[in-house]
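The values are calculated or read from the model by the stated rules, or taken from the named source; none is laboratory data. All values derive from a computational prediction rather than experimental measurement. Cβ coordinates were reconstructed from backbone atoms using ideal geometry, including for glycine residues, and neighbour counts include every protein chain displayed. Keep in mind that these areas ignore ligands, DNA and RNA; they rest on the heavy atoms of the full protein, side chains included. Shrake-Rupley method; radii C 1.70, N 1.55, O 1.52, S 1.80 Å.
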Amino acid sequence: MKNQLLVFSFLLASLSCFSQSPLSIEKDFWAGTAIHQNGKKISIEEAKKLVNNSEIEAKLNSALTNRLIGGIVSNVGAFTFGYTLGLSISNNPQMKPNWTVGGMGAAGMIIGLIIQGNGNKQMKEAVDSYNASISKSTGSIDPEFSVTSSENGIGIAIRF
């Protein structure tokens, strides 16, 4: 009975250790940078529920905020710059482009892209931290075998 209980508990522990799968960051030209697990794209909110670590959740929250703010600022700046450029190309004498506004839009676009890139960097750091934590928790079990002798006789020792 003890042997069956020992085997069952070892089997249960090994399955629970290997049930966590690592996250990855994948970049797509149209979709941008996203978190993937087992080849499936997951949102940052789903990743926050998955990690169960306050430090990693804080990094993911910061990444989400930076990506959102950066996306808004860069899109507004790109629209402003594009509108000014369009007015310049149109050669309509009644509508003159204001290049001060266009320059501010170009600067906003660049600043927004930098903020969004910082959010992507934080997201990658959070994923790397999560992957390091699950590799620590699952651990690489390298049993060490040795032949030992004691007062009871010769035997094989296994150390984990």
- Query: Considering only region 90-115, how many residues are under 22 Å from the mean Cα position of the chain (by Cα) and open to solvent by less than 90 Å² (accessible area, probe 1.4 Å)?
  - Reply: 2
- How many residues are open to solvent by 50 Å² or more (accessible area, probe 1.4 Å) and either in a helix (DSSP H, G or I) or of a type in the set (D, E, K, R) (or both) when one looks only at region 48-61? 8
- Within region 24-38, tally of residues that are farther than 15 Å from Arg67 by Cα and exposed (fewer than 11 other Cβ atoms within 10 Å of the Cβ): 4
- Message: Just to be sure before I move on: is Lys27 part of a strand (DSSP E or B), without any contact (Cβ under 8 Å) to a residue 12 or more places away in the chain and not small (Gly, Ala, Ser) in the structure I sent?
- Response: yes
- Positions within region 71-92 being in contact with a helix residue (DSSP H, G or I) (Cβ under 8 Å, 6 or more places away or on another chain) and among the hydrophobic types (A, V, I, L, M, F, W, C), in sequence order: Ile72, Val73, Val76, Ala78, Phe79, Phe81, Leu85
- Of these, Leu87, Leu64, which one is in a helix (DSSP H, G or I), in contact with a Pro (Cβ under 6 Å, 6 or more places away or on another chain) and surrounded by 14 or more Cβ atoms within 10 Å (Cβ to Cβ)? Leu87
- Item | Residue check for Lys41: open to solvent by less than 80 Å² (accessible area, probe 1.4 Å), without any contact (Cβ under 8 Å) to a residue 60 or more places away in the chain and either closer than 17 Å to Pro22 by Cβ or among the hydrophobic types (A, V, I, L, M, F, W, C) (or both) | no
- Note on the structure: When every residue in region 121-145 that is open to solvent by less than 90 Å² (accessible area, probe 1.4 Å) and at pLDDT below 80 is compared, the one nearest to Ala63 (Cα to Cα) is Ser135
